[in-house]
Amino acid sequence: MFAAMSVIWGMPYLLIKIAVGGVPVAVLVLARVAIGAALLLPIAIRRGQLGAIRPVWQWLVLFAFIEIIIPWFLLAEAERTITSSLTGLLVAATPVIVAVIGLLVRTGDRLSVVRWTGLLIGLGGVALLAGPNLIGSGASAGTARSVGEVLVVAVCYATGPVIASKKLASVPPITMTAACLALACVVYAPLAAVDWPATVPSAKVLLAIAGLAVVCTAVAFGIFFSLIAEVGPARATVITYINPAIAVSLGVTVLGEHVTPGMLAAFATILVGSVLATRPARRPDAAVAREAQPSITVDSRASI
């Protein structure tokens, strides 16, 4: 699951860059969520799992906005200005933000010196990557706005798995994804109707949208929720260590994007900081043994 998600969620940046060149942002997001919902809702209905949403519907709505409705619009909007490679590298800040969120919501989890060091290194890497696009001769208002949008996306992607793990664990993964995508359809339908394209997009754009909807949405979310259930939200978001490498490779080979040594150095800094910041605290062996045995039974049930 980890390997699959590392590759699948390294692809959207390329596909978004292609698609946003042929359709408005709201239309792109609507097409992505509508196709995904059309694929998953019948499965959830056939399994009779929609009733699981009722007790936690408020959290489901919040999760839909944080994980899908807000970040997918911001990603597409940002990639109108910046490259898919830079977008993927900026999203690599997600594990560092996960560590910050963990510090805020788990008051009993004391950060060690190593983890504090990792946080500072990771945040420094984000500053190195985003800084030249925010200030200096190469910066512009449009670029700075886009970089800011992607960093907001990273915050959303760090927050969503925490909500899913703590508040939505009782909802089957496919049902959760289908409901979120259906809600996103309701939100984006009027926005897309206002900005609907006058002509049919090119085959390349349509294929990019199809890839986003089927592979990077319907298939990916099912795998991702199972990964969260198996290893927890913090470890699940470690896929963002590898996603940027896939994003950069595709951006360079397919779109001919330029990646500077400074960008790669900043990514390496973020990666080192993320590994240190998300490093689990060391506990006595006896405590680990007591916690490990029941967790195997609970977590092994979570699958699609």
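The values are calculated or read from the model by the stated rules, or taken from the named source; none is laboratory data. Bear in mind the structure is a predicted one, so any value in this text is a computation, not a measurement. Methodologically, a virtual Cβ is constructed for each residue, glycine included, from the backbone with ideal geometry; neighbour enumeration extends over all protein chains shown.
Per-residue answers, yes or no, for (1) within 21 Å of Y157 (Cα to Cα); (2) in contact with a helix residue (DSSP H, G or I) (Cβ under 8 Å, 6 or more places away or on another chain); (3) touching a residue at least 60 places away in the same chain (Cβ under 8 Å); (4) not in a helix (DSSP H, G or I):
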site	(1), (2), (3), (4)
T240	yes, yes, yes, no
L250	no, yes, yes, no
T253	no, no, no, no
M263	no, yes, yes, no
T269	yes, yes, yes, no
G273	yes, yes, yes, no
L276	yes, yes, yes, no
If the Cβ limit is 6 Å and pairs must be 6+ apart or interchain, which residue in region 144-165 that is in contact (Cβ under 8 Å) with a residue 24 or more places away in the chain and over 19 Å from L103 (Cα atoms) pairs with which residue that is among the hydroxyl-bearing types (S, T, Y) and assigned to a helix (DSSP H, G or I)?
V150/T87
Of a type in the set (A, V, I, L, M) and not in a helix (DSSP H, G or I): is that true of V33 in this structure?
no
Exactly one of A19, A92, A78, A4 is in contact (Cβ under 8 Å) with a residue 40 or more places away in the chain, closer than 17 Å to T240 by Cα and surrounded by 21 or more Cβ atoms within 10 Å (Cβ to Cβ), and that residue is A92
Among the residues of region 95-130, what is the count of those that are assigned to a helix (DSSP H, G or I) and at pLDDT below 75?
4
Check whether at least one residue in region 264-275 is surrounded by fewer than 20 Cβ atoms within 10 Å (Cβ to Cβ), modelled with pLDDT under 85 and over 20 Å from G131 (Cβ atoms), and report yes or no.
yes
For residues that are surrounded by fewer than 18 Cβ atoms within 10 Å (Cβ to Cβ) and not small (G, A, S), scanning just region 235-256, find the one that is nearest to L151 (Cα to Cα).
R235
Which residue, of I223, I239, I228, is under 22 Å from T94 (Cα atoms), modelled with pLDDT of 85 or more and either under 16 Å from the mean Cα position of the chain (by Cα) or of a type in the set (D, E) (or both)?
I223
Can you name the residue in region 171-220 that is assigned to a loop (DSSP other than H, G, I, E, B), of a type in the set (A, V, I, L, M, F, W, C) and in contact (Cβ under 8 Å) with a residue 40 or more places away in the chain and, of all such residues, is nearest to I8 (Cα to Cα)?
V171
Which of (1) over 30 Å from S170 (Cβ atoms); (2) in contact with a Gly (Cβ under 6 Å, 6 or more places away or on another chain); (3) assigned to a helix (DSSP H, G or I) is the odd one out, the single condition E67 does not satisfy?
(1)
Only residues that are touching a helix residue (DSSP H, G or I) at 6+ places or on another chain (Cβ under 7 Å) and either in a loop (DSSP other than H, G, I, E, B) or over 13 Å from L183 (Cα atoms) (or both): list them for region 44-58, please.
A44, Q49, L50, A52, V56
For residues that are among the β-branched types (V, I, T) and surrounded by 15 or more Cβ atoms within 10 Å (Cβ to Cβ), scanning just region 32-54, find the one that is modelled with the lowest pLDDT.
I43
Determine the pairs where a residue that is among the β-branched types (V, I, T) and surrounded by 18 or more Cβ atoms within 10 Å (Cβ to Cβ), located within region 221-234, has a partner that is assigned to a helix (DSSP H, G or I) and at pLDDT below 80 with Cβ atoms under 9 Å apart, the partner being 6 or more residues away or on another chain.
I228/R235; I228/A236; I228/T237
